[in-house]
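Here's the structure, in structure tokens; my notes come after.
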Amino acid sequence: MKTFGLVGKSGTGKSYQAMNVCKEKDIDYIIDDGLLISKGIMLEGLSAKRQDTKVGAIKVALFTDEEQKDLILKKLEEVKPESILILGTSVGMIRRIAHRLQLPDFSEIIKIEEITTEKEIETAIKQRNDFGKHVIPVPTVQLKKHFSGYFLDPLNIFRGWGGMLTFTEKSIVRPSYSYLGKYIIFDNVIGDIVNCIVDDSDGISSAKTIVRKEETGIIVIVQTTFEFGISIINLAKEFQKNIYTMVENMTAFNIISVNIEVKGLK
């Protein structure tokens, strides 16, 4: 197995550039902030970006937890990668990760300054410092249930690399530790969104919203009263679809299900 390293200070765009490095160097797997990733799929691990504090994030990124480390080792033994890229803020950090995961010595260590411009680094740092935005080199659809409520946004990138036009899909999240204080979306916000949809819908008289929070997202239950004379099934399906789309887009919660209960006609 060949081991590669990508080193750069926090917020300089390592995760943003990781997939491009993999394409250029023909690397199969990535270790980034506690995750084992391959071809845009999160295979195993805990994400440092899901931790509540920076200290907790560092511990996860360094695989200090034995159970987390053993899960990664087991998966590596299973997939037997020919090459792997480790991301870190310093050479010492990636060497420590490689040692913890029993990986061979590095074939090459790449510095972020070698593959990106000063302007791109400045932009990445500004996005991190001003907006708390962190990139994960995995499509948003792969992360939704793991980052419910963390402001997931897809990041689709077309760019030239090595004479070729490449496409990569990444995700932007905003971890808890990037906020000054604690970030909370109250249940009644979901109800307010549903009520706005009701106001713009013909045929719905009233709605009461119940939110059940699960580890991977939320279940939305809406008890409704419809107006007499409308097609209940068709309107309920449209109402259900609108709730799913609006709540997900406005809150970044992963919607496990939207259940419409028709309680009466008016």
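The values are calculated or read from the model by the stated rules, or taken from the named source; none is laboratory data. Predicted model, so just to flag it, every value in this text is computed and none were measured. Heads up, the Cβs are rebuilt from the backbone with ideal geometry, glycines too, and the neighbour counts pull from every protein chain shown.
Tabulated results
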| item | result |
| --- | --- |
| Strands (runs of 3 or more DSSP E) lying entirely in segment 1-99 (those with 3 or more residues that are among the hydrophobic types (A, V, I, L, M, F, W, C), surrounded by fewer than 21 Cβ atoms within 10 Å (Cβ to Cβ) and on the phi < 0 side of the Ramachandran plot) | 41-45 |
| Pairs with Cβ under 6 Å, 6+ apart, first in segment 229-243 and over 14 Å from Ser257 (Cβ atoms), second of a type in the set (Gly, Ala, Ser) | Ile230/Gly203; Leu235/Gly203 |
| All positions within segment 110-122 that are surrounded by fewer than 16 Cβ atoms within 10 Å (Cβ to Cβ) and either touching a residue at least 60 places away in the same chain (Cβ under 8 Å) or of a type in the set (A, V, I, L, M) (or both) | Lys111, Glu113, Glu120 |
| The lone exception for Gln102 - which of (1) loosely packed, with under 12 Cβ neighbours inside 10 Å; (2) assigned to a helix (DSSP H, G or I) it fails | (2) |
| Looking only at segment 90-117, and only at residues there that are out of contact with any helix residue (DSSP H, G or I) (no Cβ under 8 Å at 6 or more places or on another chain), at pLDDT 95 or above and polar (S, T, N, Q), the one that is farthest from Glu66 (Cα to Cα) | Ser107 |
| Failed criterion for Thr3 (all others in (1) closer than 21 Å to Glu108 by Cβ; (2) modelled with pLDDT under 95; (3) touching a Phe, Trp or Tyr at 6+ places or on another chain (Cβ under 8 Å) hold) | (2) |
| Hey, Ser15 of a type in the set (S, T, N, Q) and within 17 Å of His134 (Cβ to Cβ) or not | yes |
| Long-range neighbours under 9 Å by Cβ, at least six apart or interchain, first residue in contact (Cβ under 8 Å) with a residue 60 or more places away in the chain within segment 1-25, second of a type in the set (Asp, Glu) and in a helix (DSSP H, G or I) | Gly8/Glu113; Thr12/Glu113; Thr12/Glu120; Gly13/Glu120; Tyr16/Glu120; Gln17/Glu120 |
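Let's see how each residue does on (1) in a helix (DSSP H, G or I); (2) of a type in the set (S, T, N, Q); (3) modelled with pLDDT of 85 or more:
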| site | (1), (2), (3) |
| --- | --- |
| Phe147 | no, no, no |
| Asn156 | no, yes, no |
| Gly160 | no, no, no |
| Leu180 | no, no, no |
| Val189 | yes, no, yes |
| Val194 | yes, no, yes |
| Thr209 | no, yes, yes |
| Gln223 | no, yes, yes |
| Phe228 | no, no, yes |
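Let's see how each residue does on (1) within 19 Å of the chain's Cα centre (by Cα); (2) hydrophobic (A, V, I, L, M, F, W, C); (3) surrounded by 13 or more Cβ atoms within 10 Å (Cβ to Cβ):
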residue: Val222; (1), (2), (3): no, yes, yes
residue: Thr225; (1), (2), (3): no, no, yes
residue: Gly229; (1), (2), (3): no, no, no
residue: Ile233; (1), (2), (3): no, yes, no
residue: Gln240; (1), (2), (3): no, no, yes
